[in-house]
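Since the structure comes first, as structure tokens, the remarks are kept for the end.
The values are calculated or read from the model by the stated rules, or taken from the named source; none is laboratory data. Given the structure is predicted, the values throughout are model-derived calculations rather than measurements. Neighbour counts run over all protein chains shown; Cβ positions are idealised from the backbone, glycine included.
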Amino acid sequence: MSIKLAKAGAYLVNGVEIIEESNEAAARIEKLAGSCPAKEEAKKNTMAYGILAEHNTSGNMDKLKVRFDKLTSHDITFVGIIQTARASGLTKFPMPYVLTNCHNSLCAVGGTINEDDHMFGLSAAKKYGGVYVPPHQAVIHQFAREMLAGCGKMILGSDSHTRYGALGTMAMGEGGPELVKQLLNQTYDINMPGVVAIYLTGAPQKGVGPQDVALAVIGAVFANGYVNNKVMEFVGPGVGSLSADFRIGVDVMTTETTCLSSIWTTDDKIKEFYDIHGRKEEYKEMAPGAVAYYDGVVYVELDKIKPMIAMPFHPSNAYTIEEVNANLDDILHITEERAKVSLDNAVEYSLASKVKNGKFVVDQGIIAGCAGGGFENICAAADILKGSYIGSDAFTLSVYPASTPIYMELIKNGCAQAILETGAVLKTAFCGPCFGAGDTPSNNAFSIRHSTRNFPNREGSKLQNGQISSVALMDARSIAATAANKGVLTPATDFDGNINEYSYFFDSKIYENRVYDSKGVAQEDEELVMGPNIKDWPKMPPLADNLVLQVVAEIHDPVTTTDELIPSGETSSYRSNPLGLAEFTLSRKVPEYVGRAKAIQKAEECVLNNQCPLEAVDGLKEVMGAIKATAGFEQVGEGNIGFGSTIFAVKPGDGSAREQAASCQKVLGGWANIANEYATKRYRSNLMNWGMLPFIIDKSELPFGCMDYIFVPNIRTLVEAGASDIPAFVVKPEENKLEEFMLHLGEMTKEEREIILKGCLINYNRV
């Protein structure tokens, strides 16, 4: 077994030996290190603790208030972030803020709206003192690695794959409102996270790449939540066997474990990375103290990891390619059964047509983005492909270098030529294949990708139109081996040729000649360029004294992704138009959602605008009658009640950091989510920053159904008082009664409660 999880906490001694908690642990530690600190002191010796301590402003390491060193966003998030901050009085970026353009780069959907967003970004960089990276120059995370990362630093990004731990930088991906807070000199507020050691030993065998290691780890820790909302700290003797590029490739995929962040020990290979990129001053050695305590350990034997494949529709559905080929019928059947849940049986999904002469044949290969587009990945793929041809049948292969400097080196060292000679296509830096905005496969096609996610429809097909294709995640090396085998699923360990090491030279002139860098100087007189699709946020009311919520969507999937809450792909073009984008909310999961949400929103608008008596609003006369007929609630009515929608989902918020998963619900009148648990901290934060209540309900209890009404009395008072347990009632108008049950809010900071009371972060900060 290549991956093993410790059952308890453990100590790392001298950066080498793991000693799990036991009665004998103290004696063993003392023998090795000379002394054994108390557990609470040893916790302070992790790299994560040290970085967080340096960036914490609260004076309390249990309740952190973090200020980051730098910020970064791309072109489907920065317009909304800047619009939100601008509404709150922004005059200057208080820290370096990089606006990259790597998502809506093609400008292929919606007329001028994508390029309008780019021009908005350029004008904002000038006006507020930021950095603007034009389309096709670099994907967001590669530019950050090349130009922003620094050992011991912290970076906050509005993309969930903001991970630069391999370069000694603790980075976090969050929804846009958390960046707004940093722009307004506020803080990122969290409890001190747990820290889990990722203890690496050995060295990868030839043909095994970073995606293989990452998928093996994700498969071991996702379902059990082993690292959920914790920091993954990569340590152990195996780290030194990995190149900087290899570490980066593993690190970026830590997001798919639902961890909070990551950090790695650094060494001469990372020092060389900074030297190559002309930023040697950003390097320093990063290592845990002599005795460091971790809340858990993931043991990774690198030499035992084999080429992996994550079958549809989640990165955690991980198998070895060898295992899939040996048990093809069984694993395809398991995948099809899982698909029934992911796709709600909306379309027929079968993989039987992919089996030809007993072999699994795929239709498309993609090597791209922040995970796959690295220099070493593409060079290795070129070596495996060299002298082969992908053929003239249906199979296609596209390769996207992660930045123009990488592209330049591939041209210089001949790898670009080797790839193009096979019939593959080499494209510019673009994130599209990762989120459904480029290289969408044909209906029923099966794509293998070195990218970050393979959620349903994230490759661009539209379930609501009867379309279905699917993605499996693989490493660039095995994708190349499969391409060389005309699409027959093949692990790169079957390749018996040489995979060479190539020197990398970074050409800084490419960015110097094209990237706009204000050097932190704001031009206050610069006018923002506002295209016709760029709209201000609509007004949002404060939290009412009492709430009536209608459940307009009920989702019982084990996990609900942010892609399902607000689809990616061409819908991303409308991210600068809050109401326009909201029309797509849950469109691929619950198509009725938008109409239902708007119907109850009309009640709120009617009451707020005093357009009609409350009892005259369609559908609410009986509901209000049942509430008023209940002792203690006779006075509930006009002036002290709000109306809106809510959704129930078992575990919402896996995947992207996109704030629009929450904001689209909000602008359609959403006041809450109800869940058994939240998949990620970032989605729960998005809800609160948009003034939505992140309710929890016990798994054994679900007293309501879709389209039922829920009455939450005295909610404003309870939020103000810091209450966690919230009494609520299912309204039974046909029986003229209320049925009580309990909701929970969980821990919230004073600021988070105030944001909800005000109605959203914009109202909280409005000047």
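At a glance:
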{"quantity": "Candidate set from the stretch 103-130 (those that are surrounded by fewer than 24 Cβ atoms within 10 Å (Cβ to Cβ) and of a type in the set (A, V, I, L, M)); member that is nearest to the chain's Cα centre (by Cα)", "calculated": "106"}
{"quantity": "Subset of the stretch 415-458 (residues that are closer than 19 Å to residue 211 by Cβ, over 17 Å from the mean Cα position of the chain (by Cα) and part of a strand (DSSP E or B))", "calculated": "446, 447, 448, 449"}
{"quantity": "Hits in the stretch 34-54 (condition: of a type in the set (A, V, I, L, M, F, W, C) and either surrounded by 18 or more Cβ atoms within 10 Å (Cβ to Cβ) or in a loop (DSSP other than H, G, I, E, B) (or both))", "calculated": "36, 38, 42, 47, 48, 51, 52"}
{"quantity": "Residue among 757, 743, 687 that is at pLDDT 95 or above, among the hydrophobic types (A, V, I, L, M, F, W, C), crowded, with 18+ Cβ neighbours inside 10 Å and not in a strand (DSSP E or B)", "calculated": "687"}
{"quantity": "Subset of the stretch 703-734 [over 27 Å from residue 591 (Cβ atoms) and among the small types (Gly, Ala, Ser)]", "calculated": "721, 722, 723, 724, 728"}
{"quantity": "Residue check, residue 524 of a type in the set (D, E, K, R), in a loop (DSSP other than H, G, I, E, B) and at pLDDT below 95", "calculated": "yes"}
{"quantity": "Identity of the residue in the stretch 87-114, free of Cβ contacts under 8 Å to residues at least 60 places away in the same chain and not in a loop (DSSP other than H, G, I, E, B), that ends up nearest to residue 53 (Cα to Cα)", "calculated": "98"}
{"quantity": "Meets criteria (buried (at least 23 other Cβ atoms within 10 Å of the Cβ) and not hydroxyl-bearing (Ser, Thr, Tyr)) for residue 696", "calculated": "no"}
{"quantity": "Conditions (1) in the same structural domain as residue 298 (by TED's automatic domain parsing); (2) surrounded by 13 or more Cβ atoms within 10 Å (Cβ to Cβ); (3) of a type in the set (D, E, K, R); number of the one not met by residue 24", "calculated": "(2)"}
{"quantity": "Wholly within the stretch 554-610, helices (runs of 4 or more DSSP H) carrying at least 1 residues that are at pLDDT 90 or above and among the β-branched types (Val, Ile, Thr)", "calculated": "562-565, 593-608"}
{"quantity": "Residue in the stretch 630-650 that is surrounded by fewer than 19 Cβ atoms within 10 Å (Cβ to Cβ) and among the charged types (D, E, K, R) present", "calculated": "yes"}
{"quantity": "Members of the stretch 542-553 found to be out of contact with any helix residue (DSSP H, G or I) (no Cβ under 6 Å at 6 or more places or on another chain) and assigned to a loop (DSSP other than H, G, I, E, B), listed by number", "calculated": "544"}
{"quantity": "Residues being out of contact with any strand residue (DSSP E or B) (no Cβ under 6 Å at 6 or more places or on another chain), assigned to a loop (DSSP other than H, G, I, E, B) and modelled with pLDDT of 65 or more - total across the stretch 612-634", "calculated": "8"}
{"quantity": "Complete set of residues in the stretch 648-684 that are assigned to a strand (DSSP E or B) and out of contact with any Ser or Thr (no Cβ under 9 Å at 6 or more places or on another chain)", "calculated": "648"}
{"quantity": "Residues that are surrounded by fewer than 24 Cβ atoms within 10 Å (Cβ to Cβ) and either closer than 24 Å to residue 9 by Cβ or out of contact with any Gly (no Cβ under 8 Å at 6 or more places or on another chain) (or both), drawn from the stretch 69-82", "calculated": "70"}
{"quantity": "Count - residues of the stretch 298-319 that are among the hydrophobic types (A, V, I, L, M, F, W, C) and either free of Cβ contacts under 8 Å to residues at least 12 places away in the same chain or in contact with an Asp or Glu (Cβ under 7 Å, 6 or more places away or on another chain) (or both)", "calculated": "2"}
{"quantity": "Subset of the stretch 253-278 that is part of a loop (DSSP other than H, G, I, E, B) and in contact with a helix residue (DSSP H, G or I) (Cβ under 8 Å, 6 or more places away or on another chain) - its residue that is farthest from residue 657 (Cα to Cα)", "calculated": "267"}
{"quantity": "Filtered residues of the stretch 459-470 (kept if in contact with a helix residue (DSSP H, G or I) (Cβ under 9 Å, 6 or more places away or on another chain) and either outside any loop (DSSP other than H, G, I, E, B) or within 14 Å of residue 311 (Cα to Cα) (or both))", "calculated": "459, 470"}
{"quantity": "Residue 197 outside any helix (DSSP H, G or I), modelled with pLDDT under 95 and out of contact with any helix residue (DSSP H, G or I) (no Cβ under 9 Å at 6 or more places or on another chain)", "calculated": "no"}
{"quantity": "Complete set of residues in the stretch 368-401 that are surrounded by 24 or more Cβ atoms within 10 Å (Cβ to Cβ) and of a type in the set (S, T, N, Q)", "calculated": "377"}
